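Scroll down for the structure; my scribbles are underneath it.
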Amino acid sequence: MSNSWPLVPLGEIIRHRKEFIQISDFQTYKRCRVQLHAKGIVLRDTVPGSEIKTKEQQVCRMGEFLVAEIDAKVGGFGVVPEELDGSIVSSHYFLFEINQEKLDRRFLDYFVRTPYFRDQVGARGSTNYAAIRPQHVLQYQIPLPPFPEQRRIVARIDELAAKVEEARSLRREVASGWEILCRSIIFSGLSKQSTPTPMREIVRLRDADVVVQPEETYRFAGVYCFGRGVFKGQTKTGAEFAYRRLTRLRAGDFVYPKLMAWEGALGVVPPECDGLFVSPEFPVFEVNQERALPDTLDIYFRTPSVWPLLSAISTGTNVRRRRLNPDDFLRFEMPLPPMQLQHKVREVKAKTEVAKKIRMETAAQLDAMLPSILDKAFRGEL
């Protein structure tokens, strides 16, 4: 903290406000919640009063400081944003009015994200009773420069934070652009260059090839919905599940869960998931690479416009429980591009993976920039 600014207890510039309203069953209410790690306050849900069991609630006002009784020690606090003015919270939250003649609420909003403030809260949370009480909050200290200086600091942080967000946005656009290009190569020439081909000519259903041993451990894979691909899942012993056989995945296989394939849960096994396991609820297919490259299938089946086609061939009376059976999938006809075009897609997809790797490498750097900006700001170096 800057030595030129006085440190004052929050109790000199904020006031605990404890007012409750009676919830009506015939009105609708916005409920908010605090995110952990000082990431602010967001909308939890909007519900009729009849669904709220505790009928005495507090009403949040824009610009108030909101602290979660239990989660404060892990960053459960923040300033109420404009869009959540009038939202409600239970008695397990504390609301504090800010003296806006002495303290700019944006200055407070940034300060509570610093390690200096969070360390004060954490020290209190390490006691036998980890909950935070209003009197604890009022004892926390904050550096308090003159009001015009507070506003100047906030404006400078805003300026630098906007540049960080711009860098994030550009990073997302680069990765997204490569994916769009991959899809456009496949779909732009479908009508002229591609041939409708049943999946049974492109892939072969593999048998479950692993006999489960109760004492052995198995690292499972899963498949995200909405085209987000295959991921590493939990590790379990054979005694922890009922399946007698599993399938060991190989990089380049195509896999999906029967239950959620219609919602975009399909993908090619990436190298990092090679050797993981899936249950019999996940059909696994070996790709005939003389007809199709795994990259082509991965891009095609992770494209949102394809998922309604899969939904149409999935069975089940309950919309949310529709299943894509392997026999139906093998009858599905995919517009298969010529191999020359598929190799072009593979080249572009490889560049996509490079872009994603760079994005991941720079993500940590960008994440560290705002804390660094705040540290300099409250040391008086901005």
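We did not get these values from a lab; they are worked out from the coordinates using the rules stated. The model shown is predicted, which means the values in this text are computed figures rather than measured ones. No Cβ is skipped: glycine too gets one built from the backbone with ideal geometry, and neighbour counts run over all protein chains shown.
Overview of values
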item: For the range 277-299 and the range 132-164, distance of Cα centres in Å; result: 53
item: Separation of the Glu82 and Gln35 label points, Cα + 7 Å toward Cβ, nm; result: 1.9
item: Rounded to 10°, Cα long-axis angle of helix 147-188 versus longest principal axis of the chain; result: 10
item: Highest-first arrangement of 337-349, 292-304, where packing means the average Cβ count within 10 Å; result: 292-304, 337-349
item: Amide H contacts under 5 Å for Gly275, placed H, 5+ residues apart; result: Leu249, Arg250, Ala251
item: Amide H contacts of Phe332 (H built 1.01 Å from N, under 5 Å, at least 5 apart or other chain); result: Met199
item: Normalised contact order of the range 7-144, rounded percent, pairs of Cα under 8 Å and 6 or more residues apart; result: 32
item: Cα gyration tensor, the range 189-242 - rounded (a/c under 1.5), prolate or oblate; result: oblate
item: Sites Asp274 and His343, calculated FRET efficiency, Cβ-Cβ separation with R0 25 Å, nearest 0.05; result: 0.65
item: Relative contact order computed over the chain (Cα-Cα under 8 Å; 6+ residues apart), in percent; result: 16
item: Computed lengthening from Val42 to Thr54, 0.36 nm per intervening residue step minus Cα-Cα distance; result: 2.3 nm
item: Length added when fully stretched, Phe241-Lys351, from 0.36 nm per residue minus Cα-Cα; result: 35.6 nm
item: Unsatisfied cross-links (Cα-Cα over 27 Å) in the set Lys236/Lys258; Lys73/Lys232; Lys53/Lys102; result: Lys73/Lys232; Lys53/Lys102
item: Dipole magnitude of the chain about its Cα centre (Cβ charges: Lys, Arg +1; Asp, Glu -1), debye to nearest 20; result: 220
item: Relative packing of 153-166, 257-270, which averages over residues the other C-beta atoms within 10 Å, highest first; result: 257-270, 153-166
item: Identified option (computed Rg/Rh (Cα atoms, Kirkwood Rh); candidates (i) 1.09; (ii) 1.02; (iii) 0.96); result: (i)
item: Gyration tensor verdict on the range 7-144 (Cα atoms; rounded if a/c is under 1.5, prolate if a/b is larger than b/c, oblate otherwise); result: prolate
item: For the range 229-322: rounded, prolate or oblate by the Cα gyration tensor [a/c cutoff 1.5]; result: oblate
item: Note, ³J(HN,Hα) from phi for the range 28-35, Karplus 6.51, -1.76, 1.60, rounded to Hz, x at Gly and Pro; result: 10, 10, 8, 10, 10, 8, 8, 7
item: Built amide H within the under 5 Å cut-off of Arg44, gap 5+; result: Arg31, Cys32, Arg33
item: Cut-off 12 Å between beta-carbons: net charge of the residues surrounding Asp274, Lys and Arg +1, Asp and Glu -1; result: +2
item: Surrounding net charge for Arg61, when Lys and Arg each add one and Asp and Glu each subtract one, Cβ distance under 9 Å; result: -2
item: HN-Hα J in Hz across the range 340-347 - Karplus 6.51, -1.76, 1.60, θ = phi - 60°, x for Gly and Pro; result: 4, 5, 5, 5, 5, 4, 4, 4
item: Gain on full stretching of the segment that runs from Arg250 to Phe26 - 0.36 nm per residue minus C-alpha separation; result: 75.0 nm
item: Leading residue at positive end of dipole, the chain (Cβ point charges), from Pro271, Ile14, Gln57; result: Pro271
